[in-house]
1. Is segment 247-264 home to any residue that is free of Cβ contacts under 8 Å to residues at least 12 places away in the same chain and of a type in the set (D, E, K, R)?
2. Filter the helices (runs of 4 or more DSSP H) completely within segment 438-531 down to those with at least 2 residues that are of a type in the set (D, E, K, R), modelled with pLDDT of 95 or more and open to solvent by less than 50 Å² (accessible area, probe 1.4 Å).
3. Does Arg468 satisfy being in contact with a strand residue (DSSP E or B) (Cβ under 6 Å, 6 or more places away or on another chain) and under 28 Å from Ala37 (Cβ atoms)?
4. Looking at Ile292, Ile333, can you tell me which residue is touching a residue at least 40 places away in the same chain (Cβ under 8 Å) and out of contact with any strand residue (DSSP E or B) (no Cβ under 7 Å at 6 or more places or on another chain)?
5. Of Ile438, Ile413, Ile424, which residue is among the hydrophobic types (A, V, I, L, M, F, W, C) and in contact with a Ser or Thr (Cβ under 9 Å, 6 or more places away or on another chain)?
6. Checking Thr265 against (1) in contact with a strand residue (DSSP E or B) (Cβ under 8 Å, 6 or more places away or on another chain); (2) among the β-branched types (Val, Ile, Thr); (3) under 20 Å from Arg109 (Cα atoms), only one condition comes out false. Which one?
7. Answer with yes or no whether Arg303 is modelled with pLDDT of 90 or more, in contact with a helix residue (DSSP H, G or I) (Cβ under 7 Å, 6 or more places away or on another chain) and of a type in the set (Lys, Arg).
8. Looking at segment 363-377, which of its residues are open to solvent by 20 Å² or more (accessible area, probe 1.4 Å) and not in a loop (DSSP other than H, G, I, E, B)?
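The values are calculated or read from the model by the stated rules, or taken from the named source; none is laboratory data. From a predicted model like this one, the values you see are computed outputs, not experimental measurements. In this analysis, Cβ positions are derived from the backbone assuming ideal geometry, glycine residues included, and neighbour counts consider all displayed protein chains. Ligands, DNA and RNA are stripped out before the accessible areas are found, and what is left, the full protein with its side chains, is counted by its heavy atoms. Shrake-Rupley method; radii C 1.70, N 1.55, O 1.52, S 1.80 Å.
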Amino acid sequence: MKKLLLSLFLLFGVQVFQTVQAQLATADTLYHIDVHAHISLKPYNRAYGLPDAQPELWCEQTACAQGVYRFPNLLGAYKKVPPVSCCNFNNLVKGDVKIAFASVCPIQREFTQNRFYTKLFLWNRYKLAATMAYFAGSNTQKILDLQNNEVNYFTEAKNELNLFMKSAATHSPNGKNSYRVAYNYADIAQNLAHEPDAISVVLNIEGAHALGTGIPHTLRMEKKNPEQFYQLLTQNVTELKQNYPIFSLTLANHFWNQLCGQTRTSKGLIAALINERRGQKVGITPFGYHVIDQLLSTQNGNRILIDIKHMSLKSRLEYYQLLNEKYQNNIPILYSHGGVNGIENLETAFKNSLQFKRDRSKVNKKSYLHQWSFNLYDDEIKLIHQSKGLIGIMLEDTRLGGKVAVKSIKKTIDWSQQQKDEYIKLFMASPLHIVKVIGNVSAWDIIALGSDFDGAINPMDTYQDASRMQELRFDVIDFLYRVQQNRLAITKERYLFDNAEIVALMYGLTPEQIADKMLRSNALNFLANNF
């Protein structure tokens, strides 16, 4: 009898041990990956020009708001910009983000070159600079130096990259956590296996102006000595490849950079202060094609992938053609942060309208999705899927949603379950549309999280910073379960899909599997195949 009881006890103990072991193994996979976040933007730019200031990547960076104009406060504009850093390393730790794509993006001088009527009415140069500094996440001196053409983007990019390189392996204030700059996927795998408290940082650059283009010096060089400009571009790309493990680079950003056209992104007060129009109808220039070849080449160092975010319609069409004709479609297409616009054909959209006229507020009045051209068209989704690329979904309602979606959120009570439901519906609208366009379960393999935290965005109220990523995972799972069980009634009158369509688009995957693909495994697989 004793032997029987002992055997039962041992058997039960083994089963319990195996169950706990399985739970722990599952828990180990429940971390998150963000494929686009500006970890260093505020720390670096707020310490600019201050000899004793040490950029702090771990802790919050409070906004510099001294000497700003008061009228934006009356309009509620200051409330739309997070005053502290959303994706500092402490927040990443709290959100269990173990791999973060750190986007380095020198502030473009056109943000400080205000329109004539802005200068006429807002004549106080220092107040205007302080106001722009608040929105840019910088200090006032940086804005003044940009106005005076005293800033070289290439130097700025290297300084910001060096901030990561020099501080790598430093520990958090509590001494428990650290971060490591990853040179390749093997480094990431090593960190995941043996450094459970370390964050792997994947370096990326937003905007090819970081190569030192789009400044007065290179604008003159383009006209007077184009060969010298080609040599400068070659030299700068080579220097980046030799000194930094950069994974990807967006060819465009907000303003003309001599390499390719860009989409319109600003609206409201910011659009009134600045002028983004130059370059919006332009494609890839000869200099841009040269840079693409240099970046994608493996003869001068490791390949740096092109991120198509911010590229104009014409530029994207020309890039896809280049991938087909020169690279036989063997280069994965990366779209790091944004959403979808629900419009079928990119080429038709380009031919039928001037881009800066097409991207106006009225096109979103009756739309659930944001229909501006910085979001993806259906035929682009198909190309990304065919290339085994990746689409990062950002966390800002006014960039993902049209007026219909934004109004539905505004009608809710702050921090209510109803508000959270509207936010998660909007966040999931882009992935569901992607899967509908592809019409296959494999579509779930190209979707990731690209928050754009600390970029020029106002994050969703329910997911204000990186510490909320565990909550985002739970809400995605909860949303899909409630849809499956008809506990959340969704109709086509108020949304793009009803309950039955959403269940069909899950293709038999569980809510947990979908959440893990979007928030972790897809990005990890993309790194394994391309880094």
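1. We begin by selecting, within segment 247-264, every residue free of Cβ contacts under 8 Å to residues at least 12 places away in the same chain; these are none.
Scanning segment 247-264 turns up no residue that is free of Cβ contacts under 8 Å to residues at least 12 places away in the same chain and of a type in the set (D, E, K, R).
2. 469-484
3. On the way: in contact with a strand residue (DSSP E or B) (Cβ under 6 Å, 6 or more places away or on another chain): no; under 28 Å from Ala37 (Cβ atoms): yes.
Spelling it out, it is not the case that Arg468 is in contact with a strand residue (DSSP E or B) (Cβ under 6 Å, 6 or more places away or on another chain) and under 28 Å from Ala37 (Cβ atoms).
4. On the way: Ile292 fails: out of contact with any strand residue (DSSP E or B) (no Cβ under 7 Å at 6 or more places or on another chain).
Answer to the check: Ile333.
5. Working: Ile438 fails: in contact with a Ser or Thr (Cβ under 9 Å, 6 or more places away or on another chain); Ile413 fails: in contact with a Ser or Thr (Cβ under 9 Å, 6 or more places away or on another chain).
On inspection, the qualifying residue turns out to be Ile424.
6. Single failed check for Thr265: (1).
7. Numbers: modelled with pLDDT of 90 or more: yes; in contact with a helix residue (DSSP H, G or I) (Cβ under 7 Å, 6 or more places away or on another chain): yes; of a type in the set (Lys, Arg): yes.
Yes, satisfied.
8. Val363
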